[in-house]
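Take a look at the structure below.
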Amino acid sequence: MTYNETIEYLYRLAPMFQQVGSRAYKEGMENSFLIDQHLNYPHTKYKTIHVAGTNGKGSTSHMLASILQEAGYKTGLYTSPHLLDFRERIRVNGQWVSEEFVVDFVAQHQRFFESVQPSFFELTTGMAFAYFAEQAIDVAVVEVGLGGRLDCTNIITPVLSIITSISFDHTDLLGNTLAAIAREKAGIMKPAAPVVIGEVEGEVKEMFLKERYRIGGEDPIFAQEENPVLSAELLPSGYWKFETRNYPELIDELGGYAQKSNAVTVLCAIERLKNGIFTIPSSAVYRGFRYVIENTGLMGRWQIVQCHPKMVLDTGHNAGGMQYIVRQLLSESYDRLHIVFGMVNDKDISAILALLPSNALYYFTQASIPRALDARLLAGQAGKFGLHGKTFSTVSEAFFSAKQNATEKDFIFAGGSTFIVAEVLKEIKK
């Protein structure tokens, strides 16, 4: 099979959760352990850092990988979902896994996978861990796919566990209270591994303390309480400048409002990793923050793709992430705000629509995946919140209509779903 034929085969063999939703989700760890055994336990051949959380886990994973690369470590990075190419999920020092490896891996293990019938994410996780072992990496930063306790990445025993934040998402699978969701995320904690926890409070913090006491190990580090960032300034360049206890004038290439909280978590994680686990010089921290996009290829986080008119893409897709996006949109200067917007059908639609600005012209659309919420239904719901605009059957049509209508002093935002951002990026790439 060619690379494209191999990817199509994977989609047929194991439908992707991001495409079809909860019917692609397989609860339990049995397949993960079977695959790991079949591949000769590849994840035991290098150190790992495990990153969970409702929002921020992708950015946090990329920042940590960038810093570790700058410190001289051969660094694997496993994240999901991808935006343009499947290979984005599996990187070593920022370079995607090769097409040849993907093709050869599937061909070599095809009979086994067809007998086990894994989920797409179970199969992909095995592929990532095997590739990292083949590449003889020093450390892998592993982002949880969904939840934590039953996520197939949870076969690893990391040197550090990180939980970035807790908010409502995937409530049909993780629970409909913040405490229940926190309990699932807490499942990545291991007795021997220190834990850094990001933006949490109240019952969520109490749940993490309770679970840590039950599991055992040193007390969690609550990053927001440690608060290493003394001040933060968003520069005209769109970058953050942080004054911190250990790193004066630290420049962060990721300029989204949510990145301030992520930076606090990453800085606390770095200090714990420096405590007998890795050697990380100050220069690596400075360069890791400053060149995170160049080092890792991160896309879709308050990504500025054009300046006149200014055009921004962001993959935030739940209320916890959207609150930062809306606050940043309202802080921008423009004549008119154009929002290309679509969602998937298993999110809390009303909670997100209630946050969106009513002073924008909306281009309601739907991504070309089964989970996409019909644009007409979305527009109907949005009207109840005073949000108005036109509907478009494809993201391409919505995107080009917004571009055509906008003047140089306007602002175009595209988001609401990872898949809206992915399709806009494909149009830009064309």
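The values are calculated or read from the model by the stated rules, or taken from the named source; none is laboratory data. Source: prediction; values computed, not measured. Using ideal geometry, Cβ is built from the backbone for each residue, glycine included, and neighbour counts are taken over all protein chains shown.
At-a-glance table
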item	result
Filter result for Ser119 (among the polar types (S, T, N, Q), crowded, with 17+ Cβ neighbours inside 10 Å, in contact (Cβ under 8 Å) with a residue 40 or more places away in the chain and under 23 Å from Met63 (Cα atoms))	no
Of the criteria (1) at pLDDT 95 or above; (2) in a loop (DSSP other than H, G, I, E, B), which one Gly255 fails	(1)
Residue list for the stretch 275-300, filter: within 19 Å of Leu160 (Cα to Cα) and surrounded by fewer than 17 Cβ atoms within 10 Å (Cβ to Cβ)	Asn275, Gly276, Ile277, Thr279, Pro281
Some residue of the stretch 187-202 being crowded, with 21+ Cβ neighbours inside 10 Å and at pLDDT below 90	yes
Every residue from the stretch 290-329 that is in a strand (DSSP E or B), under 30 Å from Val97 (Cα atoms) and not hydrophobic (A, V, I, L, M, F, W, C)	Gln303, Gln306, Asp314
Residues (of a type in the set (Asp, Glu) and either within 14 Å of Gly148 (Cα to Cα) or in a loop (DSSP other than H, G, I, E, B) (or both)) located in the stretch 177-210	Glu184, Glu201
Residues within the stretch 330-348 that are surrounded by fewer than 22 Cβ atoms within 10 Å (Cβ to Cβ) and either of a type in the set (D, E, K, R) or not in a loop (DSSP other than H, G, I, E, B) (or both), tallied	9
Set Ala382, Ala367: member being in contact (Cβ under 8 Å) with a residue 24 or more places away in the chain and in contact with a Leu (Cβ under 7 Å, 6 or more places away or on another chain)	Ala382
Residue satisfying all of: in the stretch 230-244; within 21 Å of Gln323 (Cα to Cα) and surrounded by 14 or more Cβ atoms within 10 Å (Cβ to Cβ); modelled with the lowest pLDDT among these	Gly238
Failed item, numbered, when Leu298 is tested on (1) at pLDDT below 95; (2) in contact with a His (Cβ under 7 Å, 6 or more places away or on another chain)	(1)
Elements of type helices (runs of 4 or more DSSP H) contained in the stretch 360-430, each with 3 or more residues being of a type in the set (S, T, N, Q)	395-405
Tally, over the stretch 170-186, of residues that are at pLDDT below 85 and polar (S, T, N, Q)	2
Positions within the stretch 123-153 being in a loop (DSSP other than H, G, I, E, B) and closer than 21 Å to Tyr73 by Cα, in sequence order	Gln135, Ala136, Ile137, Asp138
All positions within the stretch 245-274 that are surrounded by fewer than 23 Cβ atoms within 10 Å (Cβ to Cβ) and without any contact (Cβ under 8 Å) to a residue 60 or more places away in the chain	Arg245, Asn246, Tyr247, Pro248, Glu249, Leu250, Ile251, Glu253, Gly255, Lys260, Glu271, Lys274
